[in-house]
Every structure is written in structure tokens, then in C-alpha cells.
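Trainee: Structure in C-alpha cells, see below.
The values are calculated or read from the model by the stated rules, or taken from the named source; none is laboratory data. Because the structure is predicted, anything quoted here is derived from the model rather than measured. We place every Cβ from the backbone using ideal geometry, glycine too, and count neighbours over all the protein chains shown. What goes into the accessible areas is simple: the full protein's heavy atoms, side chains included, and nothing from ligands, DNA or RNA. Shrake-Rupley method; radii C 1.70, N 1.55, O 1.52, S 1.80 Å.
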Amino acid sequence: QVQLVESGGGLVQPGGSLRLSCAASGIITRRNTMGWYRQAPGKERESVALKDSLGTTNYADSVKGRFTISRDSAKNTVYLQMNSLKPEDTAVYYCYFRQYQTYWGQGTQVTVSS
């Protein structure tokens, strides 16, 4: 079993930055994928950024060049640095962890508004 604890959401003006963190605990193996999904009101949940334990990274086209995902393997923590935020980035962001099965964080609200 794996538990995920997220932090870092909030309200920011367009063009601003936020950093999300997600710490995983429990039975963690060496091979896994961590990352972030988001879900805006009335829309389906979508992948934002994923990074596996070998370093392979995948970004949604809409965030390329603005968001950066990183991992601290020693802390089993994944980060999402979000720069140049836009109103359309407003959503609940969910931490994602896959290791034999998928685990989700509780979600953290990111609101981009002036």
C-alpha cells in the first residue's frame, strides 16, 4: 500500500508561479512512475507531467516549456514547478503514483486568476 500527501496549491495571478509537492510513503519499489494529473470543472482528468524512476519524462503539450517535473528518489517525492501560469491551468491537481497499481493523492486546488 502507498500513501500520497500533496502540498503547494493555491491562488496565483496569471503569469505567476507555484510549486506542488507530493510525498509517497509505504512500500516503494525501485521501479515506479510519479507525476501529476489535473481536472478542471466539467472536464475529464488529464495527464500533466509524468516521470518514471528511469528518468523518462512526459508532458502535456499545453504545459511544455512552462512546467517542470522533478523527483527526489531519496525522499520518494515528486515536484511540479509551474511557471507562466494561465487561467486555463486552473484545476484540481492530483498526484499520481503507479507501481503495480495506480494510487492517487487527495488533490490540491490551483486557481489562476487576477
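Trainee: For the stretch 39-67, give me each residue that is among the polar types (S, T, N, Q), closer than 23 Å to Gly16 by Cα and open to solvent by less than 80 Å² (accessible area, probe 1.4 Å). Before you say what the answer is, go through the steps one by one.
Mentor: From the stretch 39-67, those among the polar types (S, T, N, Q) are 39, 47, 53, 56-58, 62; that's our starting set.
Going one step further and asking which of them are closer than 23 Å to Gly16 by Cα, we end up with 39, 47, 58, 62.
Gln39, Ser47, Ser62, listed by residue number.
Trainee: Can you find, within the stretch 4-22, the residue that is farthest from Val78 (Cα to Cα) among those that are of a type in the set (A, V, I, L, M, F, W, C) and within 11 Å of the chain's Cα centre (by Cα)? Walk me through how you get there before you give the answer.
Mentor: Initial filter on the stretch 4-22 (of a type in the set (A, V, I, L, M, F, W, C)): 4-5, 11-12, 18, 20, 22.
Add one more test, that the residue is within 11 Å of the chain's Cα centre (by Cα), and what stays is 20, 22.
Values: Leu20: 8, Cys22: 5 Å.
Once the filter is applied, the top-ranked residue is Leu20.
Trainee: Follow-up question, since we're still on this one. Going by the conditions given, is Ser21 closer than 14 Å to Arg98 by Cβ, of a type in the set (Ser, Thr, Tyr) and surrounded by 13 or more Cβ atoms within 10 Å (Cβ to Cβ)? Show your work before the answer.
Mentor: Numbers: closer than 14 Å to Arg98 by Cβ: no; of a type in the set (Ser, Thr, Tyr): yes; surrounded by 13 or more Cβ atoms within 10 Å (Cβ to Cβ): yes.
For Ser21, the condition - closer than 14 Å to Arg98 by Cβ, of a type in the set (Ser, Thr, Tyr) and surrounded by 13 or more Cβ atoms within 10 Å (Cβ to Cβ) - is not met.
Trainee: Could I ask something else about it? May I ask you to verify whether Arg38 is in contact with a helix residue (DSSP H, G or I) (Cβ under 9 Å, 6 or more places away or on another chain), closer than 22 Å to Gly10 by Cβ and modelled with pLDDT of 95 or more? Quick ask: steps written out before the conclusion?
Mentor: On the way: in contact with a helix residue (DSSP H, G or I) (Cβ under 9 Å, 6 or more places away or on another chain): yes; closer than 22 Å to Gly10 by Cβ: yes; modelled with pLDDT of 95 or more: yes.
So Arg38 passes the test.
Trainee: Out of the stretch 80-101, which residues are open to solvent by less than 50 Å² (accessible area, probe 1.4 Å) and part of a strand (DSSP E or B)? It would help to see each step written out before you state the result.
Mentor: So in the stretch 80-101, the residues open to solvent by less than 50 Å² (accessible area, probe 1.4 Å) come out as 80, 82, 85, 89-97, 99.
Leu80, Met82, Ala91, Val92, Tyr93, Tyr94, Cys95, Tyr96, Phe97, Gln99 - these are the residues of the stretch 80-101 that are open to solvent by less than 50 Å² (accessible area, probe 1.4 Å) and part of a strand (DSSP E or B).
Trainee: Same structure, new question: Tally time: how many residues in the stretch 24-38 are among the aromatic types (Phe, Trp, Tyr) and either open to solvent by less than 40 Å² (accessible area, probe 1.4 Å) or more than 24 Å from Pro87 (Cβ to Cβ) (or both)?
Mentor: Keep residues of the stretch 24-38 that are among the aromatic types (Phe, Trp, Tyr), which gives 36-37.
From what's left, either open to solvent by less than 40 Å² (accessible area, probe 1.4 Å) or more than 24 Å from Pro87 (Cβ to Cβ) (or both): 36.
Here the count works out to 1.
Trainee: Restricting to the stretch 1-33, what's the tally of residues that are closer than 24 Å to Val112 by Cα, polar (S, T, N, Q) and either outside any loop (DSSP other than H, G, I, E, B) or free of Cβ contacts under 8 Å to residues at least 60 places away in the same chain (or both)?
Mentor: Adding up the residues that qualify gives 2.
Trainee: Then there is this: How many residues does the stretch 59-79 hold that are among the aliphatic types (A, V, I, L, M), over 17 Å from Gly15 (Cβ atoms) and not in a loop (DSSP other than H, G, I, E, B)? Reasoning before the result, please.
Mentor: Keep residues of the stretch 59-79 that are among the aliphatic types (A, V, I, L, M), which gives 60, 63, 69, 74, 78.
Going one step further and asking which of them are over 17 Å from Gly15 (Cβ atoms), we end up with 60, 69, 74, 78.
From what is left, the residues that are not in a loop (DSSP other than H, G, I, E, B) are 69, 74, 78.
So the answer is 3.
Trainee: Which members of the stretch 44-58 meet the condition of being free of Cβ contacts under 8 Å to residues at least 40 places away in the same chain and either part of a loop (DSSP other than H, G, I, E, B) or among the aliphatic types (A, V, I, L, M) (or both)?
Mentor: Correct list: Glu44, Ala49, Ser53, Leu54, Gly55, Thr56.
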